[in-house]
1. When we measure straight from the Cα of K112, which lysines land under 24 angstrom away, once same-chain ones fewer than 8 places off are left out?
2. Tell me what the chain gives for mean residue ellipticity at 222 nm when only DSSP H runs of n ≥ 4 count, each as -39,500 (n - 2.57), the sum divided by the residue total, rounded to 500 deg cm²/dmol.
3. Hey, what do the phi angles of segment 19-35 turn into as Karplus ³J(HN,Hα) couplings, whole Hz, using 6.51/-1.76/1.60 and θ = phi - 60°, x for Gly and Pro?
4. Please list 40-51, 128-139 highest first by mean number of surrounding beta-carbon atoms within 10 Å per residue.
5. Helix 51-64: angle to the longest alpha-carbon principal axis of the chain, degrees 0 to 90, nearest 10?
6. For Cα pairs less than 8 Å apart in space and 6+ apart in sequence, what is the mean separation divided by the residue count of segment 68-164, i.e. the relative contact order in percent?
7. Can you list, bin by bin at 5 Å, the percent of alpha carbon pairs in segment 9-73, starting at 0?
8. As a footprinting exposure proxy, order F7, F58 by other Cβ within 10 Å, with the fewest listed first.
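Computed from the coordinates by the stated procedures, all read-outs in this text should not be read as laboratory data. This is a predicted model, so every value here is computed, not measured. All Cβ positions, even for glycine, are placed from backbone atoms using ideal geometry, and neighbour counts span all protein chains on display.
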Amino acid sequence: MNGVHLFQTLPTPIGDLTLVANEIGLRAVLWPDDEGRISLPAELAASATDDVLTTTAFQIEQYFARERTDFDLPLDLHGTDFQRAAWSALADIRYGDTWTYRQQAEHLGRPKAMRAVGAANGKNPISIVLPCHRVIGANGSLTGFAGGLEAKKHLLLLEGAISN
């Protein structure tokens, strides 16, 4: 783990998110009940002035205001090579689109790795910014999401990827 990790809480329409960053970039966007899903240092320092955290908060606020469709932030991703590849592929899913786990696996050149993709997405440390909410079941169903299925539905409705 790198140096000091700072955090900031961001109120959003789907609940408070905790943003975590270090000197390299954004480490995590955490949900209220996200205990233990992402490996972070036990000690985090609150910060209202860190550049990465304030820029992340601003961009997420723009996203919820429908003023931003993608993110431009430095990231510090910690995971296996496969996990990092799966998370990076999430950034290729355009705003308003959805992919199935099979499509994401095929995008990675691993067409039979749907379950591994699902497991990697479940450990995505940077929800919303790396949009794992845009990955759905083969039958169009909304499947697992760290923020819960209601939050996933809210995000996909916001983006126009699904209709009520």
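1. K112 reaches K123.
2. Numbers: 5 runs with 51 residues, N = 164.
Helix-only estimate at 222 nm: -9000 deg cm²/dmol.
3. Per residue, the Karplus-derived 3J(HN,Hα) values read 9, 10, 9, 10, 5, 8, x, 5, 9, 7, 10, 9, 8, x, 9, 8, 4 Hz.
4. Working: 40-51: 12.4, 128-139: 20.8.
Ranked from most to least packed, the peptides come out as 128-139, 40-51.
5. 40 degrees
6. On the way: 107 pairs, mean separation 27.2, N = 97.
Answer for segment 68-164 is 28 percent.
7. Reading the bins upward from 0: 4, 16, 28, 26, 18, 6, 1.
8. Working: F7 19, F58 12.
With the sparsest Cβ surroundings first, the list reads F58, F7.
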